[in-house]
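Trainee: This structure is in structure tokens; I'll ask about it shortly.
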Amino acid sequence: MATDDHYVIIGNGPSGNRAGEILQANDPEARITIISDESVPLYYKHKLTSFIAGYVKEEDLMVETGLDPDRIRMRLGQCVERIDPENSRIFLRHMEKVRYTRLIIAAGGRPGLPQSMSAFSDHLSFLSCFRDVITQKEPVNKAEKFFVIGGDLVGFRFVKMLAAMEKEVCMTLCPEAFWPFELKPDMTAAVCRNLEPLGIEVLANDQAASVAAQNGAYNVTTANGEARQADMVFAFPGLVPNISFAAGQGIDMDHGILVDEYLRTNIDNIYACGSCAQIYNPKLKTYATSVGWPNAVIQGETAALNLLGENRVIEPAPRKFFELEGVRVRTSWWEDVDDISERKPVNRDTHS
Ligand SMILES: Cc1cc2nc3c(=O)[nH]c(=O)nc-3n(C[C@H](O)[C@H](O)[C@H](O)COP(=O)(O)OP(=O)(O)OC[C@H]3O[C@@H](n4cnc5c(N)ncnc54)[C@H](O)[C@@H]3O)c2cc1C
């Protein structure tokens, strides 16, 4: 029997796509819509740097999902401006309203530029989504000198790629800007030891103080008084939850959207998952955000199953060791690039 259910997912990253697969497989009747301001379907974010360098083709960025276009309406290139939980409606930027019966917010993260950098944000380039790399591919290939404001894991991958492309690179390493964890002094030293033989100049314990445009290039000065010229300045300040569109509408939020261990928000029919969610840990009695592809996938699964009536507690992705420039880091949030691959079956039985 057909139902009036309309499940809407905001975001088509790994968590939103996974939620869509689970809903599609387990509720044959409901209407399902995924809305994303990105113009392309799911792609591997960890391959974006290799795409810029030309090691990966555009088609190889794309993830083969289990989404059935006859079951799921994909609204790409459409930005959610506001949620109206009281009337279960979403307002899109182009003034359209979309009604939902249940909603999953899977809006991910965006570069979290610190206040100190906002004054020169117009001179900075970022690399966090497909749109960024399409815009940056050609300029990066043409440019010769780069200044990279570090840094997060993606920043490291980027400078190594630039070195492989035989570009001139100078990088700051700002431990507190390091995402997703704090870079300890021993790690900073190991990172410098690993990057310098590649020809990358590392200004450890220093940070960019100003960036000024001059004749099509940029002059960067640092807090310690160093001055460098660059054709492009990239910033990798880490990602922060992308939640501004949900603010002020009665949805509880702090750093991210606050959810309990079942990924439920304070509003009955709204769930949140992936990098935009700040999840309650009943053991620690505190909320924490998580990052990384595998966590996003597991959370998309859990949010969708709970939306359908299950009561699953979210578990972090299994602990592993991650190699960070010669330092072994124990983590349950970040998957090594080569391991982001096989997609699991989506039948509800396989999750019990
Ligand atoms: C360059 C790069 C490399 C990475 N490499 C790795 C790696 O090697 N290993 C690893 O584990 N993790 C990696 N990550 C992190 C990983 O990709 C993220 O943790 C993961 O994508 C988070 O998934 P998500 O579904 O929560 O959000 P996202 O993937 O960020 O997707 C959120 C989606 O919501 C959309 N959206 C946001 N706001 C709105 C709105 N208002 N209206 C409509 N749509 C909206 C966004 O456009 C986006 O499509 C990398 C990230 C980046 C940027």
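Trainee: Mind checking which residues of the range 139-161 are under 14 Å from Leu198 (Cβ atoms) and in a strand (DSSP E or B)?
Mentor: Answer for the range 139-161, where residues must be under 14 Å from Leu198 (Cβ atoms) and in a strand (DSSP E or B): Phe146, Val148.
Trainee: Can you find, within the range 129-139, the residue that is farthest from Arg157 (Cα to Cα) among those that are within 14 Å of the ligand (Cβ to nearest atom) and in contact (Cβ under 8 Å) with a residue 24 or more places away in the chain?
Mentor: Step by step, filter the range 129-139, then rank; the result is Arg131.
Trainee: List the number of the failed condition for Thr286; all other conditions in (1) within 14 Å of the ligand (Cβ to nearest atom); (2) in contact with a Phe, Trp or Tyr (Cβ under 9 Å, 6 or more places away or on another chain) hold.
Mentor: Here Thr286 clears every test but (1).
Trainee: Only one residue in Ile279, Ile298 is part of a helix (DSSP H, G or I) and either of a type in the set (A, V, I, L, M) or away from the ligand (no atom under 16 Å from the Cβ) (or both). Which one?
Mentor: Only one candidate qualifies: Ile298.
Trainee: Okay, moving on. Within the bounds of the range 185-196, is there any residue that is out of contact with any Pro (no Cβ under 6 Å at 6 or more places or on another chain), at pLDDT 95 or above and either outside any strand (DSSP E or B) or surrounded by fewer than 17 Cβ atoms within 10 Å (Cβ to Cβ) (or both)?
Mentor: Within the range 185-196, not a single residue is out of contact with any Pro (no Cβ under 6 Å at 6 or more places or on another chain), at pLDDT 95 or above and either outside any strand (DSSP E or B) or surrounded by fewer than 17 Cβ atoms within 10 Å (Cβ to Cβ) (or both).
Trainee: Filter the range 90-140 down to the residues that are among the acidic types (Asp, Glu) and over 30 Å from Ala209 (Cα atoms) and list them by number.
Mentor: Looking only at the range 90-140, we keep the residues that are among the acidic types (Asp, Glu), and these are 96, 122, 132, 138.
Matches in the range 90-140: Glu96 only.
Trainee: May I pose another question? Among the residues of the range 79-88, is there at least one that is within 22 Å of the chain's Cα centre (by Cα) and under 19 Å from Gly300 (Cβ atoms)?
Mentor: Within the range 79-88, one or more residues are within 22 Å of the chain's Cα centre (by Cα) and under 19 Å from Gly300 (Cβ atoms).
Trainee: Report, by residue number, each residue of the range 117-138 that is within 15 Å of Asp231 (Cβ to Cβ) and not in a helix (DSSP H, G or I).
Mentor: Scanning the range 117-138 gives Leu124, Ser125.
Trainee: Quick check, is Ser50 without any contact (Cβ under 8 Å) to a residue 60 or more places away in the chain, small (Gly, Ala, Ser) and either more than 14 Å from the ligand (Cβ to nearest atom) or at negative phi (or both)?
Mentor: For Ser50, the condition - without any contact (Cβ under 8 Å) to a residue 60 or more places away in the chain, small (Gly, Ala, Ser) and either more than 14 Å from the ligand (Cβ to nearest atom) or at negative phi (or both) - is not met.
Trainee: Now for a separate question. Just to be sure, is Asn295 at pLDDT 95 or above and not β-branched (Val, Ile, Thr)?
Mentor: No; evaluated as a whole, the condition is false for this residue.
Trainee: Which of the residues that make up the range 99-113 are surrounded by fewer than 19 Cβ atoms within 10 Å (Cβ to Cβ) and part of a strand (DSSP E or B)?
Mentor: Arg99, Arg110
Trainee: Another question about this same structure. Would you check if there is a residue in the range 13-32 being in contact (Cβ under 8 Å) with a residue 40 or more places away in the chain, within 12 Å of the ligand (Cβ to nearest atom), under 18 Å from Leu92 (Cα atoms) and of a type in the set (Val, Ile, Thr)?
Mentor: no
Trainee: Is it the case that the range 57-70 has a residue that's in contact with a strand residue (DSSP E or B) (Cβ under 9 Å, 6 or more places away or on another chain), assigned to a loop (DSSP other than H, G, I, E, B) and either surrounded by fewer than 20 Cβ atoms within 10 Å (Cβ to Cβ) or not hydroxyl-bearing (Ser, Thr, Tyr) (or both)?
Mentor: Yes, the range 57-70 has at least one match.
Trainee: Go through the residues of the range 234-253 one by one and say whether even a single one is surrounded by 15 or more Cβ atoms within 10 Å (Cβ to Cβ) and hydroxyl-bearing (Ser, Thr, Tyr).
Mentor: Checked against the condition, which is being surrounded by 15 or more Cβ atoms within 10 Å (Cβ to Cβ) and hydroxyl-bearing (Ser, Thr, Tyr), the range 234-253 yields no hits at all.
Trainee: Same structure, new question: In the range 236-255, how many residues are assigned to a loop (DSSP other than H, G, I, E, B) and without any contact (Cβ under 8 Å) to a residue 24 or more places away in the chain?
Mentor: Looking only at that region, the number is 3.
Trainee: Kindly provide the set of residues from the range 114-128 that are surrounded by 16 or more Cβ atoms within 10 Å (Cβ to Cβ), away from the ligand (no atom under 16 Å from the Cβ) and under 15 Å from Gln207 (Cβ atoms), ordered by number. Please lay out each step first, then the result.
Mentor: Looking only at the range 114-128, we keep the residues that are surrounded by 16 or more Cβ atoms within 10 Å (Cβ to Cβ), and these are 117, 120, 123-128.
Checking the rest, the ones that are also away from the ligand (no atom under 16 Å from the Cβ) come to 117, 120, 123.
Across the range 114-128, the qualifying residues are Met117, Phe120.
The values are calculated or read from the model by the stated rules, or taken from the named source; none is laboratory data. Since the model is a prediction, treat every value here as computed from it, not as a measurement. Cβ atoms come from the backbone with ideal geometry, glycine included; neighbour counts cover every protein chain shown.
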